[in-house]
Amino acid sequence: MLPPNAMFVKLLMGFMYLNVMVNHGESSYAGAAGTYHDQMRRMALMMKASHTIQNKVSSGSRVHHVTEYGADPTGRLDSTGALQEAISDAFASPLDDGHLIEGVADLGGTEVHLDGGTYKISRPLRLPDTGGGNFMIHGGSLHASDDFPTDRHLIELWSSSNSFVYEDITLKDLMINSKFRGGGIAVINSLRTTIDNCYISHFTTSGILIQGGHETYVRNSFIGQHINIGGDLRERNFSGIGINIQGNDNAITDVVIFSASIGVMVQGQANVLTGVHCYNKATTWGGTGIYVRAPGLTQTRILNSYFDFTGIVAEDPVQLHIAGSFFLGNAFVLIKSLKGVACGISIVDNMFSGDYTGVPIVQLDQSNGQYFTTIDQVMVDRNVVQGMVLKSTVAKGSVWSNGTRWTVDFSKLLLFPDLIQNVQYTLHASESFPKHVLRNVSSNRVTVESNVPVSATLRVSVDQSMMGYV
C-alpha cells in the first residue's frame, strides 16, 4: 500500500493531467496556437513542485528555490503566484530566539533563490504584512508583464503597518526589467535593507524608491530607463528618477545611473553618496545628476562621484558637502534659492572640465526673486578647473599702482555678488611709509587709499564665508 504522501502526489498528478487535457481541448477548438505547449509546461512545473515541496517540508531547508514552486524560469508563463508562495513559505518559520529589533521576527537567513531564471510577474512581489528579517531574494531576473500596474514596483517592501516590520532584507544579484510599467524596487518604512549588484531598467517612475525607514544601502548596481552608453538619440525624452530617496541615513555606493531625468533625488537628511556615476540626462536637455531637495536642513555628503554632462542641484542647502568629484562636459553645481538660505556648504577639491564656453563651475539660481540673504560658512575652494569659469568664496589678488588709490576686483571670481565678509591686505611700498586705510569692499572690489602718492603693490585676501573667524 502506498504511503499517504505518495498517494497524495499521485492524485495531484492525475488531477493536473486531466486539467491540462481539458484546457488543451478547449484551446484547440478555439485555434489558440502554442497554448497546448504552455499547458504541458505548466503541468510539468507543477508536478516538479509537488515533489520538491514535500521534500523541503521534511528536510527543513531555509533555501526556497522558486522553480520548486512551479515558477517558469524561461519567462514565458506568469510566475507571480509561485514566487509569492515561495516568499510566504520563507516567512512561515521564524526562529524562536531571534536577534532583530523588537517586533521583527528573525527568519534565520532564509533565502528565496531564483535559480538563474527569468520570471514574468503581473503584480508586485510583496513581503508578508507579518514582517520579518534576516532574509534574502537573489539570483535571477524579473520582468513585468504587459498588464503590470503602472503605479507599482516589481519588488515592494511595503507593509500596511505604520511600525517597522522589515529588517535586514537583502535583494542581491537581480536583473529587474520594468518594461515601462512602473518602477523597479520600493523600500518603504524598512530597517537596514541592502540592494546589491542589481541591474534595473525600463522604469517609468523610479528605479529604486526609498521612503521612510532607516539605513537602506544601495551598492554596486546599474540603473537606467533606456539601455545605452551615452549619446542616445532619445536622451531629451528620458524621464523618471533612478534612485528616489525620501528618508534619512541611507547610503548609495558605487552606482551608475545611465538614463533617467534625475539620477538621484535626495529628500531627507544624513544621506551619503559615494562613487556615483551619473550620465542619466545632460543638463542641456533638462536633466540633473543629483537633485538635493531638502531645503533648510540638508546634511548630505556627495563624495568621489562622476558627473558626466549632468550636475548637482541643491535647494536652500544647509550642511552640504561635495568633494573629490569629477564634473565633465560643463557639468556644474547649482545652488537654488527658495528662501535665500545657504549655510554650511563645502564644495572643495573637485575637478571641472568644460568646452571653454564660459560656464561657471558653481552657480546661483535666484530666479524666483528671493536673493540669498542668509549666507554662513560657505566654502568653495581648492577646485581644479579647465575650460570653465572658476568660482570661489575665498580669493587672493594684487595690483601695482603709483598713486594714492589701489583697487583689486574679485567680481568675476567670487560666488556671491557684493559680499565680502573679511579682508586682509598688505600695502607694499618700496621707498616710504605712507598712512593707508581700507576704503571700500562693495561690488566685490577692494579699495585701499594712502595719504600721499606712492609706488606700491596692494596684496589682498578676501573671504565670503567668515568661516573660522570670531
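The values are calculated or read from the model by the stated rules, or taken from the named source; none is laboratory data. Please read these numbers as outputs of a predicted model, since none were measured by experiment. Here the Cβ is made from the backbone with ideal geometry for all residues, glycine too, and neighbour counts use every protein chain on show. The area values use the complete protein model at the heavy-atom level, side chains included, leaving out ligands, DNA and RNA. Shrake-Rupley method; radii C 1.70, N 1.55, O 1.52, S 1.80 Å.
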Fill in: Flag if K412 is at pLDDT 95 or above and open to solvent by 60 Å² or more (accessible area, probe 1.4 Å)
yes
Worksheet entry | Residues located in the stretch 245-264, provided they are within 10 Å of the chain's Cα centre (by Cα) and within 17 Å of A331 (Cα to Cα) | V256, I257, I262, G263, V264
Worksheet item: Yes or no: A331 touching an Asp or Glu at 6+ places or on another chain (Cβ under 8 Å), open to solvent by less than 60 Å² (accessible area, probe 1.4 Å) and closer than 30 Å to G230 by Cα?
Response: yes
Discussion item. Taking the conditions exactly as written (touching a strand residue (DSSP E or B) at 6+ places or on another chain (Cβ under 7 Å), open to solvent by 40 Å² or more (accessible area, probe 1.4 Å) and within 20 Å of V446 (Cα to Cα)), does T374 satisfy them or not?
Written reply: no
Discussion item. Cβ contacts < 7 Å: first residue within 27 Å of G340 (Cβ to Cβ) and surrounded by 15 or more Cβ atoms within 10 Å (Cβ to Cβ), restricted to the stretch 378-392; second residue of a type in the set (A, V, I, L, M, F, W, C) and at pLDDT below 95, any location; separation 6+ or different chain. Result?
Written reply: M379/M467
Worksheet item: Out of curiosity, is Q377 over 18 Å from Y291 (Cα atoms) and part of a strand (DSSP E or B)?
Response: yes
Worksheet, complete the sentence: Out of (1) part of a strand (DSSP E or B); (2) modelled with pLDDT of 95 or more; (3) under 49 Å from the mean Cα position of the chain (by Cα), the one R405 does not meet is (3)
Discussion item. For the stretch 352-368, check the following and say yes or no: at least one residue is at pLDDT below 95 and not charged (D, E, K, R).
Written reply: yes
Response to the item:
Only unsatisfied item for T357, checking (1) assigned by the TED database to the domain that holds F332; (2) closer than 19 Å to L320 by Cβ; (3) assigned to a loop (DSSP other than H, G, I, E, B), is (2)
Item to complete: Considering each residue of the stretch 119-149, count those that are in contact with an Asp or Glu (Cβ under 9 Å, 6 or more places away or on another chain), of a type in the set (S, T, N, Q) and within 21 Å of K179 (Cβ to Cβ), and give that number.
Response: 2
Fill in: One residue from S432, S411, S465, S398 being part of a loop (DSSP other than H, G, I, E, B) and in contact (Cβ under 8 Å) with a residue 60 or more places away in the chain
S465
Worksheet item: Given the residues A323, A314, A294, A260, which is the only one that is within 21 Å of M388 (Cβ to Cβ), of a type in the set (G, A, S) and open to solvent by less than 10 Å² (accessible area, probe 1.4 Å)?
Response: A314
Discussion item. I need every pair where a residue in the stretch 53-78 that is more than 27 Å from F148 (Cβ to Cβ) and in a helix (DSSP H, G or I) has its Cβ under 8 Å from the Cβ of a residue that is at pLDDT below 95 and open to solvent by less than 40 Å² (accessible area, probe 1.4 Å), sequence separation at least 6 or different chains.
Written reply: Q54/V9
Worksheet item: Inside the stretch 113-138, can you point out the residues that are of a type in the set (D, E, K, R) and either modelled with pLDDT under 95 or more than 11 Å from L157 (Cβ to Cβ) (or both)?
Response: D115, K120, R123, D129
Discussion item. Here's a check for you: in the stretch 62-86, which residue that is buried (at least 22 other Cβ atoms within 10 Å of the Cβ) and of a type in the set (V, I, T) is farthest from the chain's Cα centre (by Cα)?
Written reply: T67
Item to complete: Please name all residue pairs, on different chains or six or more residues apart, with Cβ atoms under 6 Å, provided the first residue is in the stretch 100-122 and is over 13 Å from A82 (Cα atoms) and the second residue is among the hydrophobic types (A, V, I, L, M, F, W, C) and not in a loop (DSSP other than H, G, I, E, B).
Response: L107/F135; T110/A90; T110/F135; E111/V63; E111/M136
